[in-house]
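The values are calculated or read from the model by the stated rules, or taken from the named source; none is laboratory data. Just so you know, these numbers come straight off a predicted model, no measurement behind them. When we count neighbours, we look across all protein chains shown, and the Cβ atoms used for this are built from the backbone with ideal geometry, even at glycine.
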Amino acid sequence: MSTNVSDDWASFERATAEATRLNKIIVFDALSTAGITHVRVEFDGEGDQGQMRAAAAMNGDGVEFPPVTLTLRGSQYGSVERGTCQLSLEFAVEHICYGYLEERHGGWEINEGSFGEFNVDVVARTITLDFYGRIIETEHSSHTF
């Protein structure tokens, strides 16, 4: 840890992005092995809370995620240690989605929040995020004549 919070945060963000990149490879390999071609994950958040809805796996029709456990990499702010966690394939997909959501739209669950979905194309090895941010606007005028 340095004495500069900005440097520490930048280091944490780099470590998190690298972990997500490596985890994406692990998850795509497991999805492909399971014969899953697409996964859809919806999310919704507001009022400082947010969650992923259950991931839906497909291979033409809906299928169940196989009961496999994956070891994913992780990082923690303030620590130089790189940890790991064990997650089911379904939760590993959600874990990656949370990572990308935080990376692109940090605070997605705050105030009015946001909603959207991730579409995972296993064959193309891509993850597409469709994001909808909620915004409440207030317009005020005051006139003295």
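What number of residues in segment 103-121 are assigned to a loop (DSSP other than H, G, I, E, B) and among the β-branched types (Val, Ile, Thr)?
1
So if I check each of Cys97, Cys85, which one is within 18 Å of Lys24 (Cβ to Cβ) and under 12 Å from the mean Cα position of the chain (by Cα)?
Cys97
Any residue at all in segment 95-115 that is crowded, with 17+ Cβ neighbours inside 10 Å and farther than 28 Å from Trp9 by Cβ?
No, the conditions are met nowhere in segment 95-115.
Take the residues of segment 103-145 that are of a type in the set (D, E, K, R) and in contact with a helix residue (DSSP H, G or I) (Cβ under 8 Å, 6 or more places away or on another chain): which is nearest to Thr71 (Cα to Cα)?
Arg125
Given (1) hydrophobic (A, V, I, L, M, F, W, C); (2) in a strand (DSSP E or B); (3) farther than 18 Å from Asp29 by Cβ, where does Ile135 come up short, assuming only one miss?
Failing condition for Ile135: (2).
If the Cβ limit is 9 Å and pairs must be 6+ apart or interchain, which residue in segment 1-23 that is modelled with pLDDT under 80 pairs with which residue that is of a type in the set (Asp, Glu) and surrounded by 11 or more Cβ atoms within 10 Å (Cβ to Cβ)?
These pairs meet every condition: Met1/Asp8; Ser2/Asp8; Glu13/Glu103.
Hey, among the residues in segment 23-72 that are charged (D, E, K, R) and under 14 Å from the mean Cα position of the chain (by Cα), which one's surrounded by the fewest Cβ atoms within 10 Å (Cβ to Cβ)?
Arg53
Ala124 passes all but one of (1) over 12 Å from Gly45 (Cα atoms); (2) at pLDDT below 95; (3) part of a loop (DSSP other than H, G, I, E, B); which number fails?
Only one criterion is unmet by Ala124, namely (2).
Can you work out which of the residues in segment 105-121 that are among the acidic types (Asp, Glu) and more than 11 Å from His38 (Cβ to Cβ) is modelled with the highest pLDDT?
Taking the candidates together, the pick is Glu117.
Only one of (1) in a helix (DSSP H, G or I); (2) within 18 Å of Glu117 (Cα to Cα) fails for Val39. Which number is that?
(1)
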